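The values are calculated or read from the model by the stated rules, or taken from the named source; none is laboratory data. Everything numeric here is computed off the predicted structure, so don't read it as measured data. Don't worry about glycine lacking a Cβ; one is built from the backbone with ideal geometry, like all the others, and counts go over all protein chains shown.
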Amino acid sequence: MKIVSWFLAAVITLSLAFSVSADPKRIGYIVNYGTHEWYQNVIFGLQSRADELGIELEVMDANLDINKQTQQAEDFMTKGVDVLIMTPVNEEGVVPILRKAKAEGMPTVLEGNPAKGMTTLFAICDYDAGYKAGDAVGRILVSRGETEARVMDVGLPLLSATLLRSLGFMEALAEHVNAVKVHELDGSGMIDSSVEVASAALAADSNINVIYGINDGSALGGLQAWRAAGLPEDDLIVAGTGSEGLAFLNEMTKEGTPYLVEAAMFPEGVGYTGMNLAVDLFNGVDVPEHKVTPTLALTVHNFAKYYDFDKAGQKRAINFENVAKIPTESKCTKYSSDL
Amino acid sequence: MNNILRYLRKGELALFVIFLIVFVVFSFSSEYFFTLRNIMNVSGQMSIILIAAIGFSVLLIAGEVDISIGSLLAFVSIPLIETMNITGSVPLGIILCLVFGILIGLINGFFSVYLGVSSLIVTLGMLFILRGAVYLYTGQRAIPDELMSDFFFYIGNGKFMGTIPYAAIIGLVILLVFIFVMRNTSYGRKLYAVGGNQEVARLAGYNIKLLKLSAFVICSFLSSISAIILASRIGSANHVAGDLFEFQVVAAVVLGGVSLAGGIGSLTGAAIGVLILSVISNGLGLLNIDTQWQLVVNGVIIIIAVGFDELKRNRSL
């Protein structure tokens, strides 16, 4: 009996050892636009987890060129990486790559947006992120005794993802107060365009008390236009989306700022989750079609739990442990098909 | 090897030596570079630029230029994919795509040759018109290939005998045909004459306008073939496809010794230019060098190549 127990223990130990050594050695990531702050932080998250697991991460930047992304995928297949992770330049354009990768038996993981023929994806839920920000803003309005939210939405109507954010924000807000969208703007997701369209909108009607931006640049552009118009900030609430980089933290930590809420998407956490998903896929673990990454309404009161922000040195360090503890949805409340 | 050397002219030989140096450097720098699979990958990847570069060179040799080819790539892929999606016919889509390409070539040529507007200005305008039309039609979203035909997929992604990309074979056949045309036919020689000295060509009785118009059509037609291969590789008509493509083609062609002033250069040189840039791009990628560096390298190559071209012309004056 003792011999049998020893034998079983040895078998279990060996199989555990095998399962550990089965982790991928090299993973390739093709980012769609590596110079953007969001993706630099996604790469940081991927690299951080890869370092912890002893995996070599190689990154190529498609620089918004879908043909380049196709070539880079072929290059990674030539190099024989164990798993290929991609943020598609656009969803339709990567379908042939996925087909080729499948034919070669190469596990492939997508980030951001789903594509036909994919196995698994890691991404935030846009509707839910916007909803959380709207809920937080609604609560602040109620605490101030307000009954109406007059919103300037600095959006990006071209993309379904950003439409979902705006929709989630407005629907959550409407659960607390009478929510009216006074301005629905196309800021192109860029701060300079956002300033321009917001300035024009405010010149037409400045009777608003909430600015929502579908990303940090849009929210900050809206706020900049507000300030340029010389309007009072006392009753204003600004909410941004993304937690892309340092700009929102700089504003949020200013004394008396109206920038009170950020629909944080934790790009570093996105990368960290993505690396875990890639490892799971490689190891044959049953992976979900969509692995939802954490989002949260970040305020000046709770941001320190997730980010160690060095304002003087202009650096931020994420707390992966606390971000990982944020409860995530098993699936998104709304998808682009619901628009 | 001796045959290759005998075939190449002096300038082309120098380019071929540069290519060999680049090839050897990357072979020693990356363990993945000098493998059959990678070489075949590069040959397929470069075919899109190569085919467009052949047409672009023909037009440059005739003394004109077309900088709208990048937007054309995006534009003609719309009738290609839409026709395939609606009718379920790949050949019909390809025919329509090529017809649109020819029409654009005719329009560019008509305004440049018959109305006397600078081809740089005409095709700059066409660049914006085509890109704007693409954005308007697509709403800035890619149109997916819903037919998912194996035949269409294999044009840009398939390999003959599992090794040689069909796209590379298409590129090579077109290259050989046009090398023959430019070297061994009176049509080719007339294009050189028109681009080299228009007045002499006129005195020789050449129909300059028709020759130039044909060069515009060849350029747009071959760019449309590039568009078909690209659409196959990315499975869609993509609104951002071909962005800055014209500059990649210019870089390769000028590097290959085709003069921006017209009348000088060869398709063999242009092809080696494409080969060098493609190998550099692939090699840098395999070495994990930033994409941004590849842009810098392309920029430096354009300046050096054009500088040499200017020097050569100044000396010959």
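Observations, loosely collected:
- Taking segment A:50-64 as the range and being surrounded by fewer than 21 Cβ atoms within 10 Å (Cβ to Cβ), more than 10 Å from every other protein chain (Cβ to nearest Cβ) and in contact with a helix residue (DSSP H, G or I) (Cβ under 9 Å, 6 or more places away or on another chain) as the test, the residues that pass are A:Glu52, A:Leu53, A:Glu56.
- Qualifying residue in segment A:120-134 (condition: closer than 25 Å to B:Thr138 by Cβ and surrounded by fewer than 24 Cβ atoms within 10 Å (Cβ to Cβ)): yes
- Long-range neighbours under 6 Å by Cβ, at least six apart or interchain, first residue farther than 24 Å from B:Tyr137 by Cβ and more than 8 Å from chain A (Cβ to nearest Cβ) within segment B:233-259, second not in a helix (DSSP H, G or I) and not polar (S, T, N, Q): B:Gly257/B:Gly265; B:Val258/B:Gly265; B:Ser259/B:Gly265
- Of the set (1) of a type in the set (Gly, Ala, Ser); (2) more than 30 Å from A:Leu156 (Cβ to Cβ); (3) crowded, with 20+ Cβ neighbours inside 10 Å, all apply to B:Ala142 but (2).
- Residue check for A:Ala317: part of a helix (DSSP H, G or I) and free of Cβ contacts under 8 Å to residues at least 60 places away in the same chain: no
- Among residues of segment A:186-241, those that are small (Gly, Ala, Ser) and either in contact with a His (Cβ under 6 Å, 6 or more places away or on another chain) or buried (at least 23 other Cβ atoms within 10 Å of the Cβ) (or both), counted: 13
- Answer from A:Leu164, A:Leu156 - the residue that is within 22 Å of the chain's Cα centre (by Cα), buried (at least 21 other Cβ atoms within 10 Å of the Cβ), more than 21 Å from A:Thr257 (Cβ to Cβ) and within 14 Å of chain B (Cβ to nearest Cβ): A:Leu156
- For segment B:209-238, filtering for residues that are surrounded by 19 or more Cβ atoms within 10 Å (Cβ to Cβ) and either among the aliphatic types (A, V, I, L, M) or over 19 Å from the mean Cα position of the chain (by Cα) (or both) leaves 16.
- Of the residues examined, A:Thr299 is not one that is in the same structural domain as A:Ala161 (by TED's automatic domain parsing) and either over 24 Å from A:Glu58 (Cα atoms) or touching a strand residue (DSSP E or B) at 6+ places or on another chain (Cβ under 6 Å) (or both).
- Restricting attention to segment A:78-87, the residues that are in contact with a helix residue (DSSP H, G or I) (Cβ under 9 Å, 6 or more places away or on another chain) and either more than 10 Å from every other protein chain (Cβ to nearest Cβ) or at pLDDT 95 or above (or both) total 6.
- Segments classed as helices (runs of 4 or more DSSP H), wholly inside segment B:78-165, with at least 3 members that are over 29 Å from B:Lys212 (Cα atoms): B:119-138, B:150-157
- Test set (1) out of contact with any Pro (no Cβ under 6 Å at 6 or more places or on another chain); (2) within 30 Å of B:Leu73 (Cβ to Cβ); (3) in contact (Cβ under 8 Å) with a residue 12 or more places away in the chain - A:Ala103 fails condition number: (3)
- So A:Asn67, is it without any contact (Cβ under 8 Å) to a residue 12 or more places away in the chain, under 24 Å from B:Ser278 (Cα atoms), within 8 Å of chain B (Cβ to nearest Cβ) and buried (at least 18 other Cβ atoms within 10 Å of the Cβ): yes
- Taken together, the residues in segment A:95-136 that are assigned to a helix (DSSP H, G or I), more than 20 Å from the chain's Cα centre (by Cα) and either at the interface with chain B (Cβ under 10 Å from one of its Cβ atoms) or within 23 Å of A:Thr293 (Cα to Cα) (or both) amount to 7.
- Count - residues of segment B:21-76 that are within 21 Å of the chain's Cα centre (by Cα), more than 16 Å from B:Val217 (Cβ to Cβ), in contact (Cβ under 8 Å) with a residue 24 or more places away in the chain and in a helix (DSSP H, G or I): 16
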